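The values are calculated or read from the model by the stated rules, or taken from the named source; none is laboratory data. If you're wondering where the values come from, they're calculated on a predicted model, not measured in any experiment. Every residue, glycine as well, gets a Cβ built from its backbone with ideal geometry; the counts of neighbours run over all protein chains shown. What goes into the accessible areas is simple: the full protein's heavy atoms, side chains included, and nothing from ligands, DNA or RNA. Shrake-Rupley method; radii C 1.70, N 1.55, O 1.52, S 1.80 Å.
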Amino acid sequence: MREAFFLETPGGARFCLLSRPIAEAKGGVLFVPPFAEELNKSRRMVAEAVRAFVEAGWAVLQLDLKGCGDSAGDFGDAAWADWLADVDAGWSLLGERLPLAPRVFWSLRAGSLLVSEWLTAHPSSVPCLMWQPVANGKQHLTQFLRIKAANEMLGDADARGVIASLRAEIAAGRAIEVAGYELSPGLASGLDGCALRAPNTGAGPLMIVELSMSEQPTSSPVAVQFCDKWRAVGGDVHAIAVQGPAFWQTQEIELAPAAIEPSVQFLWGCAP
């Protein structure tokens, strides 16, 4: 069963899609999406995963952040603080719809940075499923800014100059345009200053799923290090690398079905 509706928030209407199993849900999952074009590239893969999670008995809430999808505002109007507020609103809504069921964060790429920052402000032992999490917001923003230089077919030296110029515009409080996206200083600076962090205390279960085209995929050093930090504050940690394409950035729309089964197994472990 799927229910589409708008959630009224202080920052405007947010489009929501709630997918539920026919029977009583074992729990609820809030999906926190990736950044910019990675969101569009990953829609089909996310839909496949949602279908599998619902078949496993979990309800899944997808909420378009401010300026994204069918939510109110333009992308250029959004600030990082707005997106954090939207995550909070989605989490609260899921609790209202499933008051007695466990809730789980499921994030993709930069969505994991939002979850990490939300957990810092709301200490709790929330289970988290992170797909290919971005570890460093500053690096992620730089990679996004490189798109402009690449589109202009510039050399390395010129590309560095373009990136420096774009960062100077952001620092001066001016919006910039990259690959058709207008990026506000409030969004750029928020992403730039964010890094993947474990909760300060009392961490809940964590699973990190990474993808690789290698015949024998292994977890990245960054993921291993992050897992160690999460484990140090009491969290039960699982990390797995599976074979599949980087569907959030491939030229054509692709799927990575191998990421779904271990994710379902993790959700089963979060059920009461």
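Being buried (at least 18 other Cβ atoms within 10 Å of the Cβ), under 18 Å from A271 (Cα atoms) and of a type outside the set (V, I, T), is that true of even one residue in the range 3-16?
No - not one qualifying residue is present in the range 3-16.
Taking into account only those residues within the range 17-40 that are part of a helix (DSSP H, G or I) and either without any contact (Cβ under 8 Å) to a residue 24 or more places away in the chain or open to solvent by 40 Å² or more (accessible area, probe 1.4 Å) (or both), which is farthest from W91 (Cα to Cα)?
In this case the residue turns out to be E37.
Under 7 Å between Cβ atoms, at least 6 apart or on separate chains: pull out the pairs that start in the range 163-181 with a residue that is assigned to a loop (DSSP other than H, G, I, E, B) and end on any residue that is of a type outside the set (K, R) and surrounded by 15 or more Cβ atoms within 10 Å (Cβ to Cβ).
G173/P185; R174/P185; A175/E182; A175/L183; A175/S184; A175/P185; A179/E37; A179/I147
So how many residues does the range 62-116 have that are charged (D, E, K, R) and assigned to a loop (DSSP other than H, G, I, E, B)?
Residues that pass the stated criteria total 5.
Given (1) in contact (Cβ under 8 Å) with a residue 60 or more places away in the chain; (2) open to solvent by 70 Å² or more (accessible area, probe 1.4 Å), identify the lone condition not met by M213.
(1) is the only condition that M213 fails.
Only one of (1) without any contact (Cβ under 8 Å) to a residue 60 or more places away in the chain; (2) out of contact with any helix residue (DSSP H, G or I) (no Cβ under 7 Å at 6 or more places or on another chain); (3) open to solvent by less than 70 Å² (accessible area, probe 1.4 Å) is not met by V242, so which one is it?
Condition (2) is where V242 drops out.
Have a look at P133, P123 and point out the one that is at pLDDT 95 or above and either surrounded by 24 or more Cβ atoms within 10 Å (Cβ to Cβ) or not in a helix (DSSP H, G or I) (or both).
Matching residue, one of P133, P123: P133.
Inside the range 95-120, can you point out the residues that are surrounded by fewer than 24 Cβ atoms within 10 Å (Cβ to Cβ), closer than 22 Å to L7 by Cβ and not aliphatic (A, V, I, L, M)?
Hits for the range 95-120 are G95, E96, R97, P99, P102, R103, E117, W118.
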